[in-house]
Amino acid sequence: MNNLTKRIVFGLLYIIVIVFSLLLGPVYFYSIFFIFLIFCIYEFLKIINLKSLYPYILAITSYSLAILSNQNIINIESQLTHKLIVSIFSFVIFFTLISALISSRKIAIQYLGRIFLSLVYIIIPFSLLIKLPYFTLDKSFDSQILIGIFILIWSNDIFAFIIGKNFGKHKLIERVSPNKTIEGFLGGFIFTFISGFIISKYCTSIAPIQWFAIAIIVSVFGVIGDLIESMFKRQAKVKDSSNFIPGHGGFLDRLDSIIFAAPIIYIYLFLTS
């Protein structure tokens, strides 16, 4: 099986897993994306050369709280919940600091900084990502919202690649990603906006203007997320985050765009819903 065939087969399998996890309901959705989260943390910790269990503990805590708030088991706006969240994270951060103190590491600030980076770059975005299907009037789970967002991500990736490969002449940020071009970025932007228009006709859980705004967010911040991951990999001198997905690299390679765009989409929908 050549590399192109691998990319097509495993790319389709990846899409099928995501779509069916959303269509089958919250339990499957939470389970699949939790697996994605763990793999992404594992890959990212390898890239930044950090051996620590604390990012996993923070991930499980943050992800669990996001699920509980989605299912209305806890009220995220209540004072008691705020105290619980602050207490849990303070507890974990306290023992992280103690770990840095008693460890043999010469530069504890770098150790703590990398844990904080994994929190900001991977853990918080995943915790916000799983809240996106709940931006409906009755706050119930709607798979169409996240499926639509992933379609926008894939549209941007595909058309940016096609336009860039055939018409790209001006590099976007060559020192970070030499294959990305301004023409590819603009092509992805245009076709993602068109995809947003089509999606708005079929998914009415959120307003058409919100789909147009999400299309813009995906086109801009999705590309930034891709470039940031490329920057980390370039500094670590690795081509892919892992080889878990044949022909594609790792889970972080496939999810870098949505990871970076998800918090911006969440903030936008939170302010406009």
Exercise for review: Could you figure out which of (1) buried (at least 18 other Cβ atoms within 10 Å of the Cβ); (2) under 22 Å from the mean Cα position of the chain (by Cα) isn't true of Gly168?
Suggested key: (2)
Review point. Any chance the range 81-100 includes a residue that's surrounded by fewer than 15 Cβ atoms within 10 Å (Cβ to Cβ) and modelled with pLDDT of 75 or more?
Key: no
Point to revise | Pairs, first closer than 13 Å to Phe159 by Cβ in the range 176-202, second part of a helix (DSSP H, G or I) and basic (Lys, Arg), C-beta under 8 Å, six or more apart | key: Gly184/Lys165
Practice item. For residues that are among the aliphatic types (A, V, I, L, M) and in a loop (DSSP other than H, G, I, E, B), scanning just the range 198-231, find the one that is surrounded by the most Cβ atoms within 10 Å (Cβ to Cβ). Key: Ile206
Point to revise | Those residues of the range 215-260 which are among the charged types (D, E, K, R) and closer than 17 Å to Leu50 by Cβ, in sequence order | key: Glu229, Lys233, Lys237
Check your understanding: Which one is modelled with the lowest pLDDT, of the residues in the range 42-78 that are more than 17 Å from Tyr134 (Cα to Cα) and of a type in the set (Phe, Trp, Tyr)?
Key -> Tyr54
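Picking from Phe20, Phe39, which residue would you name as being closer than 28 Å to Pro133 by Cα, free of Cβ contacts under 8 Å to residues at least 12 places away in the same chain and either in contact with a Leu (Cβ under 6 Å, 6 or more places away or on another chain) or not charged (D, E, K, R) (or both)?
Phe20
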Check your understanding: Pick from Tyr28, Tyr56: which is under 18 Å from Ile145 (Cβ atoms) and without any contact (Cβ under 8 Å) to a residue 60 or more places away in the chain?
Key -> Tyr28
Practice item. Residues being out of contact with any strand residue (DSSP E or B) (no Cβ under 8 Å at 6 or more places or on another chain), part of a helix (DSSP H, G or I) and either within 13 Å of Asp226 (Cβ to Cβ) or basic (Lys, Arg) (or both): count how many of those fall in the range 159-197. Key: 3
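The values are calculated or read from the model by the stated rules, or taken from the named source; none is laboratory data. The shown structure was predicted, so the numbers you read here are calculated from the model rather than taken from an experiment. Using ideal geometry, Cβ is built from the backbone for each residue, glycine included, and neighbour counts are taken over all protein chains shown.
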